[in-house]
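The values are calculated or read from the model by the stated rules, or taken from the named source; none is laboratory data. Keep in mind that this is a model prediction, so the values were computed, not measured. Glycine gets a Cβ as well: all are built from the backbone with ideal geometry, and neighbour counts include every protein chain shown. Please note that ligands, DNA and RNA were not included when accessible areas were found on the heavy atoms of the full protein model with its side chains. Shrake-Rupley method; radii C 1.70, N 1.55, O 1.52, S 1.80 Å.
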Amino acid sequence: MQTQEGWALHTDKYQITMMYAHWKNGTHLRRRAFDLYFRRLPFGNGFAVFAGLERAVQYLDNLKFSPEEIQYLADQPEKFDPAFLDLLRNFRFTGNVQGMKEGTVVFPNEPLLRLEGTILELQLVETALLNFIGYQTLIATKAARIKSVAGNDTLLEFGTRRAQEKDAALWGARAAYLAGFDGTSNLQAGERFGIPVSGTHSHAWVQDFDSELEAFRAFVKAYPDDSVLLVDTYDTLRSGVPHAIQVGLELKEQGHRLAGIRLDSGDLAYLSKEARRMLDEAGLTDTRIVASSDLDEDTLLNLKSQGAQVDAWGVGTRLITAYDQPALGAVYKLVARYQNNEWVPSIKISSNPEKVTTPGLKSVYRIIDRHTNKARADLITPAGQQVDEGKTLTLFHPIHTYRKKKVRHFRAVPLLEPIFENGKRVYELPTLEEIKAHYQEQRTLFWEEYLRLLNPEEFPVDLSDELWETKQNLIRKIYQQIRTENGNGNGKS
């Protein structure tokens with residue numbers, strides 16, 4: 001496991017300023033609880049794929065301030081009290097964390113992580129956790145969309161050179177793989193995570209020789225059974241494909257095979273169909289066609305509708321940068337305060353209904369029909385509340401409460417699992433292959449209307465009666481307090 005020492009300053013400055021203010025007021029050891037979740041699904045999708053837990057766990061496991069980071073804080077214009085800096089020197093994460101498994105299909109407004117601890121530590125970790133989980137969940141969801149169009153075609157992640165820096169390339173490759181991609185061009189991702197790696201050659205290879213044919217012969221000499229030749233350096237159909245066929249036939253005579261050709265520009269639908277015809281007519285029926293060039297789920301859908309003859313897709317820029325939605329918009333909100341030996345729910349109110357938080361420590365259950373083994377809804381309850389599977393369950397939309405349904409003969413599967421207890425990790429991180437398999441299993445739990453690419457149905461995420469009542473009571477209590485403080489509400493509310 002890679003150490004995260006020296007990463008304590010991977011945070012926003014206002015986290016440190018709040019920590020210091022709490023320390024100055026003697027409130028830094030107050031116990032609080034936060035939820036990490038997102039409010040809206042990205043890309044117009046019907047679901048998201050939870051990713052980033054492994055990196056979040058590694059971060060919390062190894063979180064401490066290095067001497068260099070302490071010195072940097074000491075040099076800030078605020079002139080933090082040396083005693084506060086001494087406190088940070090001995091900092092370790094001591095809180096509790098519950099979280100969903102990576103690869104779980106998730107939806108808006110349900111806690112992906114629930115954290116309990118001192119306000120000092122929970123403020124520090126906010127930024128990093130949002131960064132890790134927000135980015136990887138976004139890329140995994142984008143990859144899942146692309147996979148839903150590609151079907152059984154091979155998908156290769158080619159985004160490293162276009163990613164927003166090294167870490168995005170590395171962890172983006174991981175997120176894409178767990179959501180259905182088959183490999184990556186990123187060698188470090190291959191070495192670190194065990195992802196299959198793939199690579200051919202560039203246009204520069206062809207240009208470096210006196211002729212395209214000479215370049216192809218030189219390349220297959222090095223890789224007689226694994227060569228994929230890039231055929232669009234000069235003219236795809238009049239030069240590249242014919243030369244690839246010539247080399248492929250020469251390999252065949254020698255007892256080898258040309259693995260594939262790659263198209264990287266032009267009309268990919270037309271070129272792939274013509275290339276397939278030419279390869280087949282030459283007897284190279286087992287030579288595969290790989291396509292790249294600014295691909296995403298929309299271009300794949302369009303190309304497939306035109307009958308493109310492509311066996312493998314190299315997807316880069318539009319995946320690794322989440323081209324059409326650059327951020328998940330994950331949030332981290334205080335939901336409970338520990339007072340008088342009990343957790344007291346806390347709420348944030350907004351004129352925008354989707355920004356009103358759901359208070360208190362919570363559990364999340366996936367309600368699964370026993371007959372069809374399909375998910376009917378996710379149910380959020382007060383933490384630890386058991387769902388009686390022997391009774392009829394009435395579900396209702398937390399905002400549009402008239403939308404109700406009754407569920408019988410179901411399983412209530414808890415989605416949050418203990419990750420840390422009192423700062424000690426109690427969760428064994430699964431392998432990437434196990435995460436990938438978990439995601440594939442998750443998909444089987446949902447009807448197609450929730451997973452489809454265009455106009456997906458909204459999957460229900462409902463609150464239990466008790467939790468809904470708690471939320472409404474807190475809203476009423478706060479508005480009553482506001483009216484009292486403002487002289488019974490003279491003016492706009």
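Brief remarks follow.
- Members of segment 177-195 that are in contact with a Lys or Arg (Cβ under 7 Å, 6 or more places away or on another chain) and open to solvent by 10 Å² or more (accessible area, probe 1.4 Å): Tyr177, Phe193
- Taking segment 346-379 as the range and being open to solvent by less than 50 Å² (accessible area, probe 1.4 Å), among the small types (Gly, Ala, Ser) and over 22 Å from the mean Cα position of the chain (by Cα) as the test, the residues that pass are Ser346, Ser350, Gly360.
- For segment 323-345, a residue qualifies if it is part of a loop (DSSP other than H, G, I, E, B) and open to solvent by 30 Å² or more (accessible area, probe 1.4 Å), and the qualifying residues are Tyr323, Asp324, Gln325, Pro326, Ala327, Gly329, Asn340, Asn341.
- Helices (runs of 4 or more DSSP H) (entirely within segment 64-155) containing at least 3 residues that are within 16 Å of the chain's Cα centre (by Cα) and either of a type in the set (Phe, Trp, Tyr) or modelled with pLDDT of 95 or more (or both): 119-150
- Filter pass, Leu53 being in contact (Cβ under 8 Å) with a residue 40 or more places away in the chain, of a type in the set (A, V, I, L, M, F, W, C), at negative phi and open to solvent by 20 Å² or more (accessible area, probe 1.4 Å): no
- Screening Ser272 on (1) open to solvent by less than 30 Å² (accessible area, probe 1.4 Å); (2) at pLDDT below 95 shows it passes everything except condition (2).
- Residue pairs meeting the criteria (Cβ under 6 Å; at least 6 apart or on separate chains; first crowded, with 21+ Cβ neighbours inside 10 Å, in segment 281-301; second of a type in the set (Ser, Thr, Tyr) and outside any strand (DSSP E or B)): Ile289/Ser272
- Only one entry in Leu122, Leu88, Leu112 is in contact with a Phe, Trp or Tyr (Cβ under 6 Å, 6 or more places away or on another chain) and closer than 25 Å to Tyr450 by Cβ, namely Leu112.
- Residue check, Ala51 under 20 Å from Val125 (Cβ atoms) and either assigned to a helix (DSSP H, G or I) or not charged (D, E, K, R) (or both): yes
- Segment 387-493 holds no helices (runs of 4 or more DSSP H) entirely within its bounds that carry 1 or more residues that are among the basic types (Lys, Arg), open to solvent by 90 Å² or more (accessible area, probe 1.4 Å) and closer than 30 Å to Gly183 by Cβ.
- Where His201 falls short, out of the listed (1) open to solvent by less than 50 Å² (accessible area, probe 1.4 Å); (2) assigned to a helix (DSSP H, G or I): (2)
- Residue pairs whose Cβ atoms lie under 6 Å apart, separated by 6 or more positions or on different chains, with the first residue in segment 339-350 and at negative phi and at pLDDT 95 or above and the second open to solvent by 70 Å² or more (accessible area, probe 1.4 Å) and not acidic (Asp, Glu), are Val344/Arg337; Ser346/Arg337.
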